[in-house]
Amino acid sequence: MAPTDLRSLMMTNHRLLSLLMIHGPMMRVDMAKWLGISTPAVTYRTSDLINAGILNEIGEADGQLGPGRRSQLIDLNPEGAYVLGIYRTRAEFELGLVNLKGEVVASRNLNTTLDYKENLDEIIELIAKDCRKLISEVNIPAERLLGVGVGTIGAADSQKGVEYTYRMQDGRITPVPIPTGDTLSRYFGIPIEMATKARALASGERWFGCRRNSFFLVHVHHGVSSAVVLGGYLYKGQGHAGAMGHVKASIDGPLCTCGERGCLESIVSRDALLKKIKPYRRVTDLYEAVELANNGDERIMETLCEAAKVIATACTSIVDVLEPETLVFVGPLFNSPKVLETIKQELDAHTFVGRLHQIEVSPSSFGKDAGMIGAASLVYSTLVQAGQSPDWPPTKLS
Ligand SMILES: [Zn+2]
């Protein structure tokens, strides 16, 4: 079966596949109930998907259907499909081959000192070379590679095949397109999906992590970015939604790269925090600072918890306006349980809904693989979400 056939089969059965992605293995009879179709119709559809290698029967369910009859549990076949996930950080490119269950089966990091915008062709060639190595390491059939997902630093437009970098011009921010998607297409004859890093991370959480229909994700490291998932969909705004790094956190705070003062990013980014820690402890990166704090360095912990309070304050309006099911925090800062607890306490105390009910706060579901899984999930998301109604599948099955 060609990748295009596999993709169209998955898109035809997107409701069934998304149900299994969010809820895990199910019996045909339960799928029928949730899909609102007959069990024979589910049997027909699952047979097609089992024949195509997308689904597997994984054993008998505990519950009995009737005298002597047991039902098989159906699940996604992890080896049924793969997507290449490319996640760009300031320091490197994380490349991973991610299976249909959202697991990284092979990965490598690509380091380069080349300027991304100036040397795009050369860098994409290096990425393509490393990706080919990943594919041959795992030896997957070409027809099961369904696409390439890319987590970008700036906003991205998959249709136009570009991501954006920004230039300050006469006090205004001017987006400058970089043809990342178009250049990748020359090496891979499969669809390319791109989104900002935070949106990619949120997509990964949506399909393979917290699996909630409404949540807010905040990524803090070199910069600060965020993403909103509402009704199961990533909220895109007019293309630049999620720029939380430039939310005002202090009226007369430090000068930000965007030309404004007191942006969240100028107070809690890696460089801002290392600058605050430097007078009393020399650390090279945020991971080290967080580890020292977790191991008893009280002064560093105090600095990190101050940052946590600033982040929480910046999140209060979003919590009250959107009332998300959970907030997911990604980045080295949140390797500290105390930092997460501080954010939760602040949100519980200083939001309206926090005084109505507990606010759920959680770290990334994936640790170091979060970026690759998130980037790859952008492709899976287009296959299993196309045209479906909001809030499908429901987060909780009764
Ligand atoms: Zn700013």
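Please tell me if ALA272 is within 16 Å of the ligand (Cβ to nearest atom) and either at pLDDT 95 or above or part of a helix (DSSP H, G or I) (or both). Break it down into steps so the answer makes sense when it comes.
Numbers: within 16 Å of the ligand (Cβ to nearest atom): yes; either at pLDDT 95 or above or part of a helix (DSSP H, G or I) (or both): yes.
Taking the combined requirement at face value, the residue satisfies it.
Looking only at the stretch 301-327, count how many residues are outside any helix (DSSP H, G or I) and among the hydroxyl-bearing types (Ser, Thr, Tyr). Quick ask: steps written out before the conclusion?
To start, the set of residues in the stretch 301-327 that are outside any helix (DSSP H, G or I) comprises 323-327.
After this cut, where a residue has to be among the hydroxyl-bearing types (Ser, Thr, Tyr) as well, the list is 326.
Qualifying residue count for the region: 1.
Tell me, yes or no, whether the stretch 357-372 has at least one residue that is surrounded by 18 or more Cβ atoms within 10 Å (Cβ to Cβ), part of a helix (DSSP H, G or I) and β-branched (Val, Ile, Thr).
So far as the stretch 357-372 goes, no, none of its residues is surrounded by 18 or more Cβ atoms within 10 Å (Cβ to Cβ), part of a helix (DSSP H, G or I) and β-branched (Val, Ile, Thr).
Quick grid of which residues meet (1) assigned to a loop (DSSP other than H, G, I, E, B); (2) assigned by TED's automatic domain parsing to the domain that holds THR113:
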residue	(1), (2)
MET10	no, no
ILE22	no, no
ALA32	no, no
ALA41	no, no
ARG45	no, no
ILE50	no, no
GLY53	yes, no
GLY85	no, yes
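Considering only residues that are out of contact with any Pro (no Cβ under 7 Å at 6 or more places or on another chain) and surrounded by 14 or more Cβ atoms within 10 Å (Cβ to Cβ), which ones fall in the stretch 224-239? Let's see the steps before the verdict.
The initial filter retains those residues of the stretch 224-239 that are out of contact with any Pro (no Cβ under 7 Å at 6 or more places or on another chain), namely 224-230, 234-239.
Answer for the stretch 224-239, where residues must be out of contact with any Pro (no Cβ under 7 Å at 6 or more places or on another chain) and surrounded by 14 or more Cβ atoms within 10 Å (Cβ to Cβ): VAL224, SER225, SER226, ALA227, VAL228, VAL229, LEU230, LEU234, TYR235, LYS236.
Among strands (runs of 3 or more DSSP E) lying entirely in the stretch 88-188, which contain 1 or more residues that are touching a strand residue (DSSP E or B) at 6+ places or on another chain (Cβ under 7 Å), at pLDDT below 90 and within 25 Å of ALA241 (Cα to Cα)? Working first, answer last.
On the way: elements: 92-99, 104-111, 145-152, 162-169, 172-178.
Strands (runs of 3 or more DSSP E) meeting the threshold: 162-169, 172-178.
What number goes with the only condition from (1) more than 16 Å from the ligand (Cβ to nearest atom); (2) in contact (Cβ under 8 Å) with a residue 40 or more places away in the chain; (3) surrounded by 23 or more Cβ atoms within 10 Å (Cβ to Cβ) that GLY242 does not pass?
(1)
With (1) touching a residue at least 60 places away in the same chain (Cβ under 8 Å); (2) within 16 Å of the ligand (Cβ to nearest atom); (3) touching a Pro at 6+ places or on another chain (Cβ under 8 Å) as the list, and HIS219 as the residue in question, which single condition is left unmet?
Among (1) touching a residue at least 60 places away in the same chain (Cβ under 8 Å); (2) within 16 Å of the ligand (Cβ to nearest atom); (3) touching a Pro at 6+ places or on another chain (Cβ under 8 Å), the lone unmet condition for HIS219 is (3).
Test ALA241 against the criterion of being assigned to a loop (DSSP other than H, G, I, E, B) and of a type outside the set (S, T, N, Q), and give yes or no. Quick ask: steps written out before the conclusion?
Values: assigned to a loop (DSSP other than H, G, I, E, B): yes; of a type outside the set (S, T, N, Q): yes.
Criteria met by ALA241.
When ILE318 is evaluated against the numbered criteria (1) more than 16 Å from the ligand (Cβ to nearest atom); (2) touching a residue at least 12 places away in the same chain (Cβ under 8 Å); (3) surrounded by fewer than 15 Cβ atoms within 10 Å (Cβ to Cβ); (4) within 30 Å of ARG172 (Cα to Cα), which criterion, by number, is the only one it fails?
In the conditions (1) more than 16 Å from the ligand (Cβ to nearest atom); (2) touching a residue at least 12 places away in the same chain (Cβ under 8 Å); (3) surrounded by fewer than 15 Cβ atoms within 10 Å (Cβ to Cβ); (4) within 30 Å of ARG172 (Cα to Cα), ILE318 misses (3) alone.
Looking at (1) farther than 21 Å from ILE140 by Cα; (2) without any contact (Cβ under 8 Å) to a residue 60 or more places away in the chain; (3) surrounded by fewer than 17 Cβ atoms within 10 Å (Cβ to Cβ), find the lone condition where ARG90 falls short.
The one condition ARG90 does not meet is (2).
Just to be sure I understand, how many residues within the stretch 245-262 are near the ligand (Cβ under 8 Å from one of its atoms), in contact (Cβ under 8 Å) with a residue 24 or more places away in the chain and surrounded by 19 or more Cβ atoms within 10 Å (Cβ to Cβ)?
The qualifying residues number 1.
The values are calculated or read from the model by the stated rules, or taken from the named source; none is laboratory data. Treat the numbers as computed from the prediction; the structure is a model and nothing was measured. Don't worry about glycine lacking a Cβ; one is built from the backbone with ideal geometry, like all the others, and counts go over all protein chains shown.
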